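The values are calculated or read from the model by the stated rules, or taken from the named source; none is laboratory data. Please read these numbers as outputs of a predicted model, since none were measured by experiment. Cβ placement follows ideal geometry from the backbone for every residue including glycine, while neighbour counts extend to all protein chains displayed.
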Amino acid sequence: MRPSRVAVVGGGISGLAAAHRLRHLLGPDAEITVVEQADRLGGKLRTAEVGGRAYDVGTEAFLHRRPEAAELVTELGLADRLVHPTGAPSTIHAAGRTRPIPVHTLMGVPASVEAVRQVLSDEGVRRVAAEPELPPIRLDGADVAVGALLAERFGPEVGDRLVGPLLGGVYAGRADSLGLRATMPQLATALDSGVGSLVAAAATTMPAPPQPRVARPPVFGTLSDGLASLVHRLAEVAGVRTRLGLPVRALLRRERGWRLEIGTPAAPEALDVDGVVLAVPAPSARKLLADVAPAASRRYAEVELASMAVVALALPPGTALPERSGVLLAEGERGPDGVPYTAKAFTFSSRKWAHLAGEPVLVRGSVGRHGEEHLLQRDDEDLVAAVRRDLALLAGVTAVPVDAVVTRWGGGLPQYGVGHLDLVRAVEDAVAEVPGLAVAGATLHGVGIPACVATADAAAARVAAHVLGRVR
């Protein structure tokens, strides 16, 4: 029985988690190769040195309430580095004012009128109060755009002031183009069950009030030395062979297994394996699947992408930050001078995370929603200046940074449009017909780390089952 050989295309969190699971399933003798066209592993998990400190300039945390990422951290022996936010409140800047994010909402959808009374106008409050009396919502299994449904039931304010900024923070997208079923599945499930109003549907998703003297479990987590440590440990434990800086130009089926054509046309290489996990963004998946799974390739082509940038600022010791974890900005907000804000969000990291308190003071600004690529065409110096101007207007912070790092994520976030779940189902059904092939990644079932790990585990299990049967 010869050792099995598997390739994982894509060295982000999905690809590395798949490689790690393949090692468990295939054993120590398997040859697992991770091919990544960039010169580094990690994808959107990147920890940079900013002001002499390790600071995440891509994904900064994961949803702790969903188990996959936290369990992986423990499995890898990193539990002693797991940290949670301080509890500093988060805010939204909308209609020219900065207010706390209402707690009794589902991604901004109010579970009661009292939850949003301080955020909306009198007319907006009236619309929320009246929504349960409107004719019941009947989806009949269909998907709808979040923005259209909110506008129909509440008028414009709930979408503009609450849901839009929150969805923009997660997906870098707009409520008008994001689908309900992929971005708010709990709400869709409640509506499918016969709950007829958005207020009532949101209320059914709210967790029970905590028992006296019992703390709520943390919502988010990260690693004290940066999420790059998760990347490094995955690669180490999985014992993979990494091929960096090499694009995969073609994926070919052979009589027994697969051939990957990698490298450049001037310096081509071939990698022959028994199975393949594709953990790449939609455009790359579309290209590689064009001949081997054309139906999946066509559906991947329908996925739109948003680009964004993170501007990380190290501010001088003693710089005062607001007593909150950060602020999300509603789309279209302008400063007192009438000039639109460039940033869509700020994280006051030295307030949000206890391990980042101290010197220097760390802040990160996020720039770019779907369709706002023009904002990212500025050079780094201009982008830093624009973000600093926003920070001064929103938080009164005018200190000159001692360091600034701009990290651009071109096409970094897939957009979960109307019908996204049907699209994903079609992709997975088409790939399931091809032996020894599986797909994983943020395009499928969620853009966060736990969702990516879940798709990686499923992909690894599928490929391992095929490879073990064939090799034996």
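The residue that is surrounded by the most Cβ atoms within 10 Å (Cβ to Cβ), among those in segment 59-113 that are of a type in the set (Ser, Thr, Tyr) and assigned to a loop (DSSP other than H, G, I, E, B), is THR59.
For ALA385, the criteria (1) over 23 Å from ALA61 (Cβ atoms); (2) touching a residue at least 12 places away in the same chain (Cβ under 8 Å) hold in every case but one, which is (2). Every condition in (1) among the small types (Gly, Ala, Ser); (2) under 30 Å from VAL434 (Cα atoms); (3) buried (at least 19 other Cβ atoms within 10 Å of the Cβ) is met by ALA190 except one, and the failing one is (2). Give the residue that is surrounded by the fewest Cβ atoms within 10 Å (Cβ to Cβ), with candidates limited to residues of segment 21-58 that are under 17 Å from VAL6 (Cβ atoms) and among the acidic types (Asp, Glu). For segment 21-58, the residue satisfying everything is ASP29. The C-beta contact set for segment 333-349 (first residue modelled with pLDDT of 95 or more, second residue part of a strand (DSSP E or B) and charged (D, E, K, R), distance under 8 angstrom, 6+ apart or interchain) comprises PRO340/ARG334; TYR341/ARG334; PHE346/ARG364; THR347/ARG364; SER349/ARG364. Restricting attention to segment 432-444 and to residues that are part of a loop (DSSP other than H, G, I, E, B) and among the hydrophobic types (A, V, I, L, M, F, W, C), the residue that is surrounded by the most Cβ atoms within 10 Å (Cβ to Cβ) turns out to be ALA440.
Within segment 172-186, restricting attention to residues that are in a loop (DSSP other than H, G, I, E, B) and on the phi < 0 side of the Ramachandran plot, which residue is surrounded by the most Cβ atoms within 10 Å (Cβ to Cβ)? Of everything passing the filter in segment 172-186, ALA175 is surrounded by the most Cβ atoms within 10 Å (Cβ to Cβ). Here VAL447 meets the list (1) in a loop (DSSP other than H, G, I, E, B); (2) surrounded by fewer than 20 Cβ atoms within 10 Å (Cβ to Cβ) almost entirely, failing just condition (2). When GLU31 is tested against (1) farther than 30 Å from PRO360 by Cβ; (2) touching a helix residue (DSSP H, G or I) at 6+ places or on another chain (Cβ under 9 Å); (3) not aliphatic (A, V, I, L, M), exactly one condition is not met: (2). Total residues in segment 357-382 satisfying the condition of being assigned to a helix (DSSP H, G or I) and buried (at least 23 other Cβ atoms within 10 Å of the Cβ): the figure is 0. When SER349, SER366 are screened for being among the hydroxyl-bearing types (Ser, Thr, Tyr) and more than 20 Å from ALA330 (Cβ to Cβ), only SER349 passes. Within segment 395-405, one or more residues are modelled with pLDDT of 95 or more, under 22 Å from the mean Cα position of the chain (by Cα) and crowded, with 19+ Cβ neighbours inside 10 Å. Does ALA266 meet the test of being closer than 17 Å to ALA442 by Cα and assigned by TED's automatic domain parsing to the domain that holds PRO28? So ALA266 does not fit the description; no. The sole residue among ARG286, ARG181, ARG253, ARG259 that is touching a residue at least 40 places away in the same chain (Cβ under 8 Å), closer than 24 Å to GLU36 by Cα and basic (Lys, Arg) is ARG253.
When the residues of segment 114-142 are filtered to those that are in a loop (DSSP other than H, G, I, E, B) and crowded, with 17+ Cβ neighbours inside 10 Å, the one that is nearest to the chain's Cα centre (by Cα) is VAL119.
If you scan segment 128-150, which residues turn out to be of a type in the set (A, V, I, L, M) and in contact (Cβ under 8 Å) with a residue 12 or more places away in the chain? Listed by number, the residues that qualify are VAL128, ALA129, LEU134, ILE137, LEU139, VAL144, ALA145, VAL146, ALA148, LEU149, LEU150. Any idea which residue in segment 425-472 is nearest to TYR300 (Cα to Cα), counting only those that are without any contact (Cβ under 8 Å) to a residue 40 or more places away in the chain and under 17 Å from the mean Cα position of the chain (by Cα)? So the residue we want is LEU444. Going by the conditions given, is LEU16 aliphatic (A, V, I, L, M) and touching a Gly at 6+ places or on another chain (Cβ under 9 Å)? Yes; evaluated as a whole, the condition is true for this residue.
Applying the selection to segment 204-230, what residues are assigned to a helix (DSSP H, G or I) and at pLDDT below 95? Passing the criteria: THR204, THR205. Within segment 243-261, being surrounded by 19 or more Cβ atoms within 10 Å (Cβ to Cβ) and at pLDDT 95 or above holds for ARG243, VAL248, LEU251, TRP258, LEU260. Note on segment 260-274: among residues that are in a loop (DSSP other than H, G, I, E, B) and of a type outside the set (Gly, Ala, Ser), the one that is farthest from ALA7 (Cα to Cα) is PRO265. The requirement of being out of contact with any strand residue (DSSP E or B) (no Cβ under 6 Å at 6 or more places or on another chain), crowded, with 16+ Cβ neighbours inside 10 Å and assigned by TED's automatic domain parsing to the domain that holds HIS20 is fulfilled nowhere in segment 213-221; no residue meets it.
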